[in-house]
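First the structure, in the form of structure tokens, and then the observations on it.
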Amino acid sequence: MLTLAAEALRSLLAPLVWQHVYIPVLPLSLADALEAPTPFLMGLINTAATDADGLQLGAVDGVVEVDLDTSEVTWPRGELLP
């Protein structure tokens, strides 16, 4: 499902092409990539976000989170989305 959603988002950009980091399914072992200082499009399985490793998606500054299971979008307070 993550790959389908990521590819759908990329196709909505047409005729533009996403030139930044694109990882449709990010392994939990690479979760530090969520702190990258560049624009990115990454998918992370929801159970990984609440894993015992203590990863908290809401704690990462500047990350817009889209939960495909609950249809919720969250973003950092004080930042406006276009």
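The values are calculated or read from the model by the stated rules, or taken from the named source; none is laboratory data. Everything numeric here is computed off the predicted structure, so don't read it as measured data. Note that each Cβ is placed from the backbone with ideal geometry, even for glycine, and that neighbours are counted across all protein chains shown. Side chains included, ligands, DNA and RNA excluded: accessible areas come from the protein's heavy atoms. Shrake-Rupley method; radii C 1.70, N 1.55, O 1.52, S 1.80 Å.
Observations on the structure shown:
- For Glu35, Glu7, Glu65, the ranking by accessible surface with the largest value first comes to Glu35, Glu7, Glu65, using a 1.4 Å probe.
- Karplus (6.51, -1.76, 1.60) ³J(HN,Hα), θ = phi - 60°, over the range 11-17, in Hz, Gly and Pro reported as x: 5, 5, 7, 4, x, 6, 10
- Using the Cβ-Cβ distance between Asp67 and Leu30 with R0 set to 30 Å, the FRET efficiency from 1/(1 + (r/R0)^6) comes to roughly 0.90.
- In terms of accessible area, using a 1.4 Å probe and ignoring ligands and nucleic acids, Arg77, Arg10 rank largest first as Arg77, Arg10.
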